[in-house]
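I have placed the structure first, in the form of structure tokens, so that the comments after it can refer back to it.
The values are calculated or read from the model by the stated rules, or taken from the named source; none is laboratory data. These numbers come from a predicted model, not from an experiment. Every residue, glycine as well, gets a Cβ built from its backbone with ideal geometry; the counts of neighbours run over all protein chains shown.
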């Protein structure tokens, strides 16, 4: 057992009930859940197809892996894992893409479009939901960038939301400025706990961050290595350079435990990240330390948390757009949801994700962030670290929900914890999912305040960041997220950060668990939602 929970993937046995719209002739009553083999019959190669596209995307851009992971996170935290983050604005609603935590930040939509188009071709129709694509693409991104090798199976069967709410996104997504209590609170509100918080924060091991998300920290925080803050200020000035990016940790294209080790050195890029470790002997501190030194534990536990997150309020079952007669269904996610309807769905998603990350390594972090932001609105290594539960349906998007629910990079610890708790996630989930920052880049605008104002930052680190993030201008300059720190207010957070900093295996394992946990935030199932033909629009 890594830290507080088992390294076994958090898999729940589900009963699957899937009926194609074309053969539904009478009212039906069913009890359905997400399953790992949901598409085994309908599109047996779905997972291979997804993986292939993801792999190509990451080959094009390594950053894409982090982007896809983030997409899933942001999807789940807003009204559950229902694909609402993908919806473009319409005359009837303003979606989540312009929420504070998403605007000029979340990316990877083109990769999701590519996966969807490929699946629609190979699955002979509109079979695999956009919500499930997000979940699988996030898992594949983690694996392709060095995460655990299929240590968790993605539970499938989600349906797509038919609307999106901007306010829900703003309310439910944790911000980079959140303090520990805010982080834990928002995770717990989604059914996630402390370990999930730590593990899912570990997703920050990949990706970049914009200057605007960490500027306050590098200029104002005291809990930061001075040299680290100074280095960040170079690329993130006090004014301007909001979109300058920097790696979230120093190995931004590798899913590892450097993120947790950075927290131990007060080099967390976001204020919210450093809130997880404050050297006060808390449970959070212990978990961070554990995962910093136990990479295998991190991989296993991360998968469990990913499954947990992926189960946040999924829409499952039937959608009005594809069912010919009324039905009554209470459904749940399963990792084999598309086993019958599109057996190759997961492979297709993985393929597109891999291609996207190959084109741009950063895309992995972007996709991970998309999933995170989707899940948080409306409460929603080695390979295959966790099985993604599938069967989500899609709904519409609401901009205000996105602005209300997505955590910001300037959040204090209490804000971060509160945001995570509001989605049923706990402190460990906060720490682990923040670990997703081990991959990806961040724009200057997201961390400018930190490198110029935070005191909880290494001076040299802040100085190095300031070179690429000036006080004025350079908002879009980017920096690796891994090369920074974060601090949390409670003893528990410090312990978790220390644990994961020293336990890369624990981080990978627990991160997967927290990702699953986040992916389970209120997924649309049953008669709720739909399966979108185009992930950006409702049918």
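The set of residues in segment 56-106 being out of contact with any strand residue (DSSP E or B) (no Cβ under 9 Å at 6 or more places or on another chain) and surrounded by fewer than 24 Cβ atoms within 10 Å (Cβ to Cβ) consists of 56, 91, 98, 103. Within segment 240-250, the residues that satisfy the criterion of being surrounded by fewer than 24 Cβ atoms within 10 Å (Cβ to Cβ) and not in a strand (DSSP E or B) are 240, 250. Could you go through segment 293-305 and let me know if any residue there is at pLDDT 80 or above, in contact with a strand residue (DSSP E or B) (Cβ under 7 Å, 6 or more places away or on another chain) and within 23 Å of residue 113 (Cβ to Cβ). Checked segment 293-305: no residue is at pLDDT 80 or above, in contact with a strand residue (DSSP E or B) (Cβ under 7 Å, 6 or more places away or on another chain) and within 23 Å of residue 113 (Cβ to Cβ). In segment 412-506, counting only strands (runs of 3 or more DSSP E) that sit wholly within it, the ones holding 3 or more residues that are at pLDDT 85 or above and touching a strand residue (DSSP E or B) at 6+ places or on another chain (Cβ under 7 Å) span 454-456, 476-479.
Any residue at all in segment 374-387 that is at pLDDT 75 or above, under 13 Å from residue 515 (Cβ atoms) and either in a helix (DSSP H, G or I) or in contact with a strand residue (DSSP E or B) (Cβ under 9 Å, 6 or more places away or on another chain) (or both)?
Step one: filter segment 374-387 for residues at pLDDT 75 or above, giving 374.
Still in the list and also under 13 Å from residue 515 (Cβ atoms): 374.
If we keep only those that are either in a helix (DSSP H, G or I) or in contact with a strand residue (DSSP E or B) (Cβ under 9 Å, 6 or more places away or on another chain) (or both) too, we end up with 374.
Yes, segment 374-387 has at least one match.
Exactly one residue out of 442, 408, 402, 471 is under 13 Å from residue 211 (Cβ atoms) and buried (at least 24 other Cβ atoms within 10 Å of the Cβ), and it is 442. Among the numbered conditions (1) within 26 Å of residue 74 (Cβ to Cβ); (2) touching a strand residue (DSSP E or B) at 6+ places or on another chain (Cβ under 6 Å); (3) in a loop (DSSP other than H, G, I, E, B), the only one that residue 237 does not meet is (1). Scanning segment 507-537 for residues that are in a loop (DSSP other than H, G, I, E, B) and touching a strand residue (DSSP E or B) at 6+ places or on another chain (Cβ under 9 Å) yields 522, 523, 525, 526, 527, 528, 529, 531, 532, 535. Scanning segment 274-294 for residues that are farther than 15 Å from residue 181 by Cβ, in a helix (DSSP H, G or I) and under 20 Å from the mean Cα position of the chain (by Cα) turns up 287, 288, 291.
Scanning segment 192-215 for residues that are part of a helix (DSSP H, G or I) and within 14 Å of the chain's Cα centre (by Cα) returns 196, 197, 198, 199, 200, 201. Evaluated against (1) closer than 24 Å to residue 516 by Cβ; (2) part of a helix (DSSP H, G or I), residue 56 falls short on exactly one condition, (1).
If you check residue 209 against the conditions, is it under 14 Å from residue 461 (Cβ atoms) and at pLDDT below 95? The answer is yes for residue 209.
Anything in segment 167-178 that is surrounded by fewer than 24 Cβ atoms within 10 Å (Cβ to Cβ) and either within 16 Å of the chain's Cα centre (by Cα) or assigned to a loop (DSSP other than H, G, I, E, B) (or both)? List them, or say none.
Our first condition is that a residue be surrounded by fewer than 24 Cβ atoms within 10 Å (Cβ to Cβ); within segment 167-178, this holds for 167.
Correct list: empty.
Residue 114 fulfils the conditions (1) surrounded by 24 or more Cβ atoms within 10 Å (Cβ to Cβ); (2) within 18 Å of residue 48 (Cβ to Cβ) except for a single criterion, (1).
The rows are residues; the columns are (1) assigned to a helix (DSSP H, G or I); (2) in contact with a helix residue (DSSP H, G or I) (Cβ under 8 Å, 6 or more places away or on another chain); (3) at pLDDT 90 or above; (4) over 21 Å from residue 511 (Cβ atoms).
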{"site": "68", "(1), (2), (3), (4)": "yes, yes, yes, no"}
{"site": "116", "(1), (2), (3), (4)": "yes, yes, yes, yes"}
{"site": "119", "(1), (2), (3), (4)": "yes, yes, yes, yes"}
{"site": "141", "(1), (2), (3), (4)": "yes, yes, yes, no"}
{"site": "146", "(1), (2), (3), (4)": "no, no, no, no"}
